[in-house]
Structures are given as structure tokens and as C-alpha cells.
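Trainee: Provided herewith is a single structure, encoded as C-alpha cells, for subsequent inquiry.
The values are calculated or read from the model by the stated rules, or taken from the named source; none is laboratory data. Small disclaimer: the values here were computed from a predicted structure and weren't measured. Glycine gets a Cβ as well: all are built from the backbone with ideal geometry, and neighbour counts include every protein chain shown. Note: accessible area is taken over every heavy atom of the protein model, side chains too, but ligands, DNA and RNA are not part of it. Shrake-Rupley method; radii C 1.70, N 1.55, O 1.52, S 1.80 Å.
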Amino acid sequence: NSLLLLLTLMTFGQDNLSDRVDLSMQRGVEYLLPRQYSDGSWKMANQERFTGGTTALACYALYKAGLPKRHSAIQLSLEYLRTNTPIYTYDAALRIQLLASIDPVFYKERILRASKVLSYGPTQYFTYAMDSDRGATGDLSNHQYGLVGLEALDRHGFETSDKTWIKSAEFLIQQSSPEGGWGYFPNQSPTPTMDLAGMAGIACCKLALERRRGNLGLQRKLARVLEASLAKAEREWFLNQPMNKAPLNRWYFYACYGVERAMALLELSKLGELDWYSLIAEDMIRQQRKNGSWGSVKGEPEMNTAFALLTLARATASTGSKAAGKTIWEYHWVSDSEINPIEITASGAPQCTAFLSGFSQDWLEEQAWSEEK
């Protein structure tokens, strides 16, 4: 009877967490949706030059959180991204993950366009931007996203350079500390966020080299560094670190997504003895604000809400949207005019978007100003 009671309580706890995660994600989706701009983008104040990246991040989070690709918010974002060429590594890598998750065949040309941004800089990091005149060399966080984007390309059958994977693996091995940690820049002290970034980068290199079935010596070196980094991540579990100090005072939700990404790429349900997902999910639910968002002392609620949704949805481990929190509905209305009918389409889950979807040439000319076409 005691064993049966224990099993019942364990099962109830797991189901209860799953239900609370679903509700938390739905609230996050409801927060993020109405903050989309009318052009389909998500913007951060004073960071407008990164709008492509924030839009790709928010759209990817919503898709992985359950919105289907036909939802108007997803379609508006995809249209915005289509008309804006990627420049920055973060933007390009997130676009590749988003488009490859939805349909790697249909979006092949757009994925290839984004892949051109992923290039090495003088220090063997991925460069910040495609424009080499910017003189930027990159950092480990930037490098992590470049490798994650490159691994998504490799996984979906797009051509990637063997030389790039070898160089990147050697560089990450070289930059790792003896205990398996990494700094933001070379020769800097390890930080919790960069330890996770390095671990994800190692996982990407490991997968790519295993697909090529070569460089066994390099693979063994990667395995040793990976073993040390996993042990360090468990020993110095980031949730036990000071949350009021850098980098976690700003990049906590970034770190949460970093754990999900690394664990998914490595196909690990636990980090040593730690049930990493349950621990993070419980803490995220606790930190969610009344309006459904997540934020830090620096603000940035849209970006952090996207990171939280990607973590809770296990975005890297899943292949696409799972199920919408609420039914996606669509409504089409056509005016009763036989001469110049117009059509309006609306859809939502739960946020509604309505747009003029059909009209006759006569109606257009009737509404236009005399000097307007």
C-alpha cells in the first residue's frame, strides 16, 4: 500500500507539472501575440537593427509552443522575414531553425540565403555579421548560435563544410578550461551561460562528425571535454548560482534555453542525477508574471518570454508544433454586393488578426484617390 501511494503521488506530481506547463505556455503565447507589430515583426526598444533576429526568435517560439504554421501571426512573421535579408548570425541561425522546423523543402531557398551569413571570423568564432567591414570577430554566445544553425543545416541534408566542423571542434577543445568550462571571450573565466553555450557547441560538432564517420581521434577529444563539461554543469548547477549578479541577472532565460538545447542535442533526459527539465519548469512557472511574460532586471520581456516558451516546449527536441492551446479558428466574410464584392478574413488563437483578403479591380478604383493607382 505504501508503494502504491508513492507511485500515485509521483504520477500525480508529473501530470500536475505537465498541466501547469501547458497553462504557463498558453499565458506566454497570449502575452507574445498582441505585441507583434502590424508588419509581422517583434521589436525591442533601442535594438531595432536586430529586428530580424527578435522576429525569428518570437515566431520560432510561438510555432514550437503550438501555433500551427497557418496561424496569421506565423504567416505575418514569415512574410516579414522573407522581405528582410538576414545580416547577423543570431538572426540567420534562428531563421534556419524556424524554416527547417516548418518545411525545409518548401523554404529551401530562404534557408540557403540565411546560411550565407554563417562564416568564421579571424579568431575562429562565427562573425557577428555577414558584412566583414564591420570588423567584428564574434564571441562564444554568437558562436553557439552559428553552430546550432549549421547543425540544423547538416541534419536536414544541406551541404556544410567538413573543414568548418573540424576547425570549430578544435577551437572549442582549445578554449575549454581543464574542468570543462568556457568564457565569453578566449582566456576569460568561465561563466554559467557560456559553459552551456560551449556544451551546445560541442554537441553540434559531435553530431556532425559522427554523421561523417571520420576523425575518430577528434571525436574522442570531444567526448572527454564533453564529459568534463557535463560534470561541471551538474556540480555547478546554474539554478544554484547567484541570480542577482551577471550574467544570470540578465541572461537567466537564455541559460534555461541553453540547457534545453544542449540536453536535446545530446539526447539526455537528465544532467547526471538532475532532472533538469522539472527543475527549470518549476522555477519558470514560479517566475512568470501576472501578464504572462517573463523578464529580467534589464526588462526585455518579449525576448525572455520567447526563451521561456522554447525551453518549456522542449523546442530542440521536438520536430514541429505539437498542439495549439486553443482551437485555431478562421472566419471568411464576403459582402453581399453583386457588383463589387469584398472579402475579409480573420483568424486567431486567441489573438485575432483580420485583413482584407479579396476585392475587385472596380472596387479598388472606386476607393482610390484620383492621383493614386
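Trainee: What accessible area per residue comes out for the chain, rounded to a whole number of Å², with a 1.4 Å probe?
Mentor: For the chain, the per-residue accessible area is 50 Å².
Trainee: Once the other residues with Cβ under 13 Å from the Cβ of I96 are scored (Lys, Arg +1; Asp, Glu -1), what is the net sum?
Mentor: Surrounding charge for I96 is +1.
Trainee: Of the candidates P192, P178, P301, which one comes out as most mobile in a Gaussian network treatment of the chain with C-alpha springs shorter than 10 Å?
Mentor: Its mean-square fluctuation being the largest, the pick is P178.
Trainee: Using a 1.4 Å probe and counting only protein heavy atoms, arrange F307, F50 so the residue with the most accessible area comes first.
Mentor: Solvent-accessible surface, decreasing: F50, F307.
Trainee: Kindly provide the helix-only [θ] at 222 nm of the chain, computed as the sum of -39,500 (n - 2.57) over DSSP H runs of four or more divided by all residues, to the nearest 500 deg cm²/dmol?
Mentor: -17500 deg cm²/dmol
Trainee: Now, a different point. Compute, for the chain, the length of the dipole vector about the Cα centre, with Cβ point charges of +1 (Lys, Arg) and -1 (Asp, Glu) only. Units Debye, rounded to 20.
Mentor: My answer is approximately 1400 debye.
Trainee: Still on this structure, I have one more. Quick check: with the 1.4 Å probe, what order do E366, E267 take by accessible area, largest first?
Mentor: The most accessible residue leads, giving E267, E366.
Trainee: Let me ask something additional. Near K206, which lysines are there with a Cα under 29 Å away, not counting those fewer than 8 places off in the same chain?
Mentor: Once the sequence-local lysines are set aside, what remains near K206 is K64, K108, K116, K163, K167, K221, K232, K270, K322.
Trainee: I need to check one value: relative contact order of the chain, counting alpha carbon pairs closer than 8 Å and at least 6 residues apart, in percent.
Mentor: 19
Trainee: Counting only protein heavy atoms, what percent of the accessible surface of the chain is carbon or sulfur at a 1.4 Å probe?
Mentor: That fraction is 52 percent.
Trainee: Are there trypsin sites (Lys or Arg not before Pro) in segment 215-286 that DSSP puts in a loop and that have at most 12 other Cβ atoms within 10 Å, and which ones?
Mentor: Sites meeting the loop and neighbour criteria: K245, K270.
Trainee: How large is ³J(HN,Hα) for each residue in segment 229-242, as worked out from phi by the Karplus curve 6.51 cos²θ - 1.76 cosθ + 1.60 (θ = phi - 60°), to whole Hz, x for Gly and Pro?
Mentor: So the J values, rounded to whole Hz, are 5, 5, 5, 5, 4, 6, 5, 10, 3, 5, 5, 8, 8, x.
Trainee: Determine which lysines satisfy two conditions relative to K245: a Cα distance under 16 Å, and not lying fewer than 8 residues away in the same chain.
Mentor: K298
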